[in-house]
1. Quick check on the chain: helices-only [θ] at 222 nm, where DSSP H runs of length 4 and up contribute -39,500 (n - 2.57) each and the sum goes over total residues. Nearest 500, please.
2. Compute, for the range 56-166, the length of the dipole vector about the Cα centre, with Cβ point charges of +1 (Lys, Arg) and -1 (Asp, Glu) only. Units Debye, rounded to 20.
3. Please state the relative contact order of the chain as a whole percent: Cα pairs under 8 Å, 6+ residues apart?
4. Go through Tyr161, Tyr64, Ala139 and say which Cα lies farthest out towards the positive end of the charge dipole of the chain; charges sit on Cβ, +1 for Lys and Arg, -1 for Asp and Glu.
5. Using mean Cβ contacts within 10 Å as the protection proxy, how do 15-21, 84-90 order, highest first?
6. Extending each Cα 7 Å along its Cβ direction at Gln3 and Asp140, get the distance between those two points in nm, one decimal.
7. Please determine, in degrees from 0 to 90 and to the nearest 10, the orientation of helix 78-90 with respect to the longest principal axis defined by the Cα atoms of the chain, where the helix direction is its Cα long axis.
8. Would you work out if the chain is rounded, prolate or oblate? Take a ≥ b ≥ c from the square roots of the eigenvalues of the alpha-carbon gyration tensor; rounded if a/c is under 1.5, else prolate when a/b is larger than b/c, oblate otherwise.
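Laboratory data are not the source of any read-out in this text; all were calculated from the coordinates shown. Here the structure is a predicted model, which is why all the values come from computation and not from measurement. Cβ sites come from the backbone with ideal geometry, for glycine too, and all protein chains shown count toward neighbours.
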Amino acid sequence: MFQYCPTCGTKLLLKPAGDDGDVPYCLHCEKFWFPMFADCVIVLVANADHQVVLAKMPYLSTQYESLISGYIKPGENAETAALREVKEELGLSGESIAYSGTYWLPKHQMMMHGFIVAVNDEQLTLSDELASAEWVAVADAPEKMWPASPENAALKVLAQYSEQIQ
């Protein structure tokens, strides 16, 4: 929670903001400062054979693979960010995109917006961000991914996709 105004540096006061209760408020800027958190996308990329892309991102783990993910940039909507991340990280263009839900990651204070993107091209062209990426059968994917936990958004998106293709 903010204690000082990010714009002018004035010490904030708590002021009632409707149903949100007391919220930090800047008297100088006349502005409420609600909590902020990162908005990100997590994207399951699938081909016509119902294989999915798992990628290894060294800055996240050298052991586990995961789905494609990234931050939503200012001015982007979540769908645009998902398709951009697939293009940037894998060199693939999405043919269709479907929303799969939102997932809160409390440890990182992130809201993950999940998507399933179907692609026709299977030739992966990796960005420098990825150590590796591979096409994997849906049934084999969980053993390569982070272990199950309440915060594991990637496994939740994978489970949703698995249900859709059965």
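1. Numbers: 2 runs with 26 residues, N = 166.
Rounded to the nearest 500, it is -5000 deg cm²/dmol.
2. Values: 7 positive and 16 negative charges, 76 e Å.
My answer is approximately 360 debye.
3. 23 percent
4. Positive-end residue among those listed: Tyr64.
5. Working: 15-21: 9.4, 84-90: 20.3.
Most protected by this proxy first, the peptides run 84-90, 15-21.
6. Inter-label distance under the simple model: 5.3 nm.
7. The answer is roughly 50 degrees.
8. Details: a/c = 2.46, a/b = 2.29, b/c = 1.07.
The shape class here is prolate.
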